[in-house]
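The values are calculated or read from the model by the stated rules, or taken from the named source; none is laboratory data. Note that the structure is a prediction, hence the values are computed from the model and not measured. Cβ placement follows ideal geometry from the backbone for every residue including glycine, while neighbour counts extend to all protein chains displayed. Accessible surface is based on the protein model in full, side chains and every heavy atom, while ligands, DNA and RNA are left aside. Shrake-Rupley method; radii C 1.70, N 1.55, O 1.52, S 1.80 Å.
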Amino acid sequence: MSEAFILSAFLAFSGGFQDAYTYIVRDGVFANAQTGNIVLMSTHLLAGEWRPAFRYLIPLLAFAGGVLCTEQVQGKFKFAKSLHWRQGILLGEMVLLLIAGLVPESMNMISSAIVSFSCAMQVQAFRKVAGNAYASTMCIGNLRSGTASLSTFMRIGKREDLKKALCYYAIIAIFGIGAGIGGNLSAALGIRSVWVCCAALFAAFLLMETDRERKHDAG
């Protein structure tokens with residue numbers, strides 16, 4: 001189930017929403033697009049603008065911390081029976097986003113760091129859709145993989161490659177929908193709009209739990 005398209009769709013929606021959220025209401029910082037943060041940080045650094053540069057460094061470090069934390073969780077709880085470790089990641093992400101929505105605008109840097117940490121946990125824990133490597137919180141890799149698969153289909157004509165390409169493009173589209181809704185809701189509702197992501201993540205959690213119970217009953 002962790003690789004199912006329907007679950008990946010909820011994750012991609014949440015990923016797009018979170019990126020729009022931090023950019024719109026948290027001082028123009030990206031939660032997921034760390035390449036953008038590095039570009040902006042470097043621009044400010046070379047201009048001698050240390051304080052704005054620091055604003056982009058914090059989510060970058062938080063993202064790295066989220067990846068590290070997820071790797072540790074996987075290593076320690078990979079074979080846990082009471083709860084799948086990826087479900088634990090989803091629960092942790094929901095808690096973090098609930099906290100992020102409570103952080104006042106005067107502490108935007110902290111909220112951006114929390115959301116970036118959350119995004120890193122998600123992208124590190126869920127790395128495949130329908131058996132293919134993908135990212136649920138960013139688009140560049142998905143766009144490359146989808147277009148490469150489309151090119152292979154055009155050369156060889158295998159339907160599997162076309163199906164793979166369409167899967168990647170669908171994930172990108174859902175990410176875009178999440179970003180669009182996230183941007184508009186963030187502008188309208190403010191800092192607590194990020195809680196919408198918790199609903200999408202909870203749906204993903206329930207999908208995994210239903211699948212886990214079904215397999216347990218079958219066993």
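A few notes on this one:
- Rounded to 10°, Cα long-axis angle of helix 159-189 versus longest principal axis of the chain: 30 degrees
- For the chain, adding -39500 (n - 2.57) for each run of n ≥ 4 DSSP H residues and dividing by the number of residues yields -26500 deg cm²/dmol at 222 nm.
- Sorting the segments 107-115, 73-81 by their residues' average number of neighbouring beta-carbon atoms within 10 angstrom, most packed first, yields 107-115, 73-81.
- Axis of helix 5-25 versus longest Cα principal axis of the chain: the two differ by about 10°, to the nearest ten degrees.
- Normalised by 2.2 N^0.38 Å, with N the number of residues, the alpha-carbon radius of gyration of segment 1-218 equals 1.05.
- Nearest-ten-degree value, helix 85-100 long axis tilted from longest Cα axis of the chain: 30 degrees
- Just the protein heavy atoms count here, and of the accessible area of the chain at 1.4 Å, carbon and sulfur take up 68 percent.
- A simple rule links phi to the HN-Hα coupling: the Karplus curve 6.51 cos²θ - 1.76 cosθ + 1.60 with θ = phi - 60°, which for segment 53-64 gives 5, 4, 4, 8, 5, 4, x, 5, 5, 5, 4, 4 Hz, with x for Gly and Pro.
- Comparing Cα centroids, segment 1-36 and segment 46-71 end up 17 angstrom apart.
- Rounded to the nearest Hz, the phi-derived 3J(HN,Hα) couplings of segment 133-148 under the Karplus curve 6.51 cos²θ - 1.76 cosθ + 1.60 (θ = phi - 60°) are 5, 7, 10, 8, 10, 7, 10, 4, x, 5, 5, 5, 5, x, 6, 5, where x marks glycine and proline.
- Selection from Leu60, Pro104, Leu162, by position along the positive dipole direction of segment 1-218 (Cβ): Leu162
- Counting only protein heavy atoms and a 1.4 Å probe, segment 1-218 has 50 square angstrom of accessible area per residue.
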